[in-house]
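Engineer: First, the structure itself, so that you have it in front of you.
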Amino acid sequence: MDDSTVPALCVRVPAEPASLAIVRAQLRQWFQSAGIAPDTAADLLLAVGEAASNAAEHAHDGAAHNVELTVTAAATGDGVRLAVCDDGCWKPPPESPGNRGHGLRVIAALVDTVHLSATRNGTTVEMTKELTR
Amino acid sequence: MTDAQFRVTLASDDTTPVVVASGDIDLANVADFSDAMAKAANGSTALTVDLTEVNYCDSAAVRALFAVAATTELTMIVAATGPIKTLLGISGLDRVAAVVTME
């Protein structure tokens, strides 16, 4: 990170597939402003993209209202903290060896820590990645 | 909207059909990707999918590729390093299809 004072990013969009490109465009710009190396930025874009894609695909399951997806990115002292939240009431798929449920494994391989919390009021995936200066 | 292009080259007498994808592939346009692969693979036992010009793809594309690999001898061309190579490894797609890397 060249500049840890870069303002945090917060993108709020409807939880639907058409929003995913908007989220990525905002993140690509923010990673550049934050001075994150292109290779690292591509990994982080995929980690956030997997979480956002899960939300866009499932957040409306059983929800009676229009579900929103919120993506935040913030510089920390030694890296970045990323979060993908929705206010739907879906259950993330369990890890499975089949061709579904890859998303969380992909995220875990790309970032240092990943924390998933799913409640009746929504699902949040928080990720952190340390970056060398 | 998610921008991508899928160029389809159909099989001829002695060549394998090819799909060259570029841009971003996600939930919003993965059906177009599947359609392009189905159109290219039509009646052929093998299909090559070139992903070297893809800027972004995720598990949505991986699921589409797994579906093709179940019935077709699939070869993917990808950049030697980067998130797409990582994605293929983690998902296990590289164990059911051939992966050719480009430096």
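The values are calculated or read from the model by the stated rules, or taken from the named source; none is laboratory data. Note that the coordinates shown come from a computational prediction; the quantities given were computed from them, not determined experimentally. Cβ placement follows ideal geometry from the backbone for every residue including glycine, while neighbour counts extend to all protein chains displayed. What goes into the accessible areas is simple: the full protein's heavy atoms, side chains included, and nothing from ligands, DNA or RNA. Shrake-Rupley method; radii C 1.70, N 1.55, O 1.52, S 1.80 Å.
Engineer: Would you confirm whether or not region A:50-72 contains a residue that is open to solvent by less than 30 Å² (accessible area, probe 1.4 Å), at pLDDT below 90 and not β-branched (Val, Ile, Thr)?
Structural biologist: Yes, that holds for at least one residue.
Engineer: Might you check whether a residue that is in contact (Cβ under 8 Å) with a residue 24 or more places away in the chain and touching a Phe, Trp or Tyr at 6+ places or on another chain (Cβ under 7 Å) occurs anywhere in region B:63-70?
Structural biologist: Yes, some residue in region B:63-70 is in contact (Cβ under 8 Å) with a residue 24 or more places away in the chain and touching a Phe, Trp or Tyr at 6+ places or on another chain (Cβ under 7 Å).
Engineer: Which of (1) open to solvent by 50 Å² or more (accessible area, probe 1.4 Å); (2) part of a helix (DSSP H, G or I); (3) closer than 20 Å to A:ALA51 by Cα does B:MET1 not meet, given it meets every other one?
Structural biologist: All conditions are met except number (2).
Engineer: In region A:80-128, how many residues are at pLDDT below 90, within 22 Å of A:ARG24 (Cα to Cα) and within 11 Å of chain B (Cβ to nearest Cβ)?
Structural biologist: Of the residues in region A:80-128, 5 are at pLDDT below 90, within 22 Å of A:ARG24 (Cα to Cα) and within 11 Å of chain B (Cβ to nearest Cβ).
Engineer: Follow-up. Could you please find all residues in region A:1-31 being open to solvent by 20 Å² or more (accessible area, probe 1.4 Å), under 17 Å from the mean Cα position of the chain (by Cα) and more than 19 Å from B:ASP58 (Cα to Cα)?
Structural biologist: A:ALA8, A:LEU9, A:CYS10, A:ARG12, A:PRO14, A:GLN29
Engineer: Any chance you could count how many residues in region B:73-98 are modelled with pLDDT of 95 or more and under 24 Å from B:GLY43 (Cβ atoms)?
Structural biologist: Qualifying residue count, region B:73-98: 8.
Engineer: Continuing with the same structure: Take the residues of region A:1-39 that are touching a Ser or Thr at 6+ places or on another chain (Cβ under 9 Å) and in a helix (DSSP H, G or I): which is modelled with the lowest pLDDT?
Structural biologist: A:ASP39
Engineer: Might you let me know whether region B:18-28 holds any residue that is of a type outside the set (Ser, Thr, Tyr), in a strand (DSSP E or B) and either open to solvent by 60 Å² or more (accessible area, probe 1.4 Å) or in contact (Cβ under 8 Å) with a residue 40 or more places away in the chain (or both)?
Structural biologist: Looking for residues that are of a type outside the set (Ser, Thr, Tyr), in a strand (DSSP E or B) and either open to solvent by 60 Å² or more (accessible area, probe 1.4 Å) or in contact (Cβ under 8 Å) with a residue 40 or more places away in the chain (or both), one finds none in region B:18-28, hence no.
Engineer: May I ask you to list the residues in region B:36-88 that are in a strand (DSSP E or B), open to solvent by less than 40 Å² (accessible area, probe 1.4 Å) and within 14 Å of chain A (Cβ to nearest Cβ)?
Structural biologist: Within region B:36-88, B:LEU51, B:VAL54, B:TYR56, B:CYS57, B:LEU74, B:VAL78 qualify.
Engineer: Tell me which of these B:LYS85 doesn't satisfy, since it passes every other one: (1) in contact with an Asp or Glu (Cβ under 8 Å, 6 or more places away or on another chain); (2) closer than 26 Å to A:LEU44 by Cβ.
Structural biologist: Among (1) in contact with an Asp or Glu (Cβ under 8 Å, 6 or more places away or on another chain); (2) closer than 26 Å to A:LEU44 by Cβ, B:LYS85 violates only (1).
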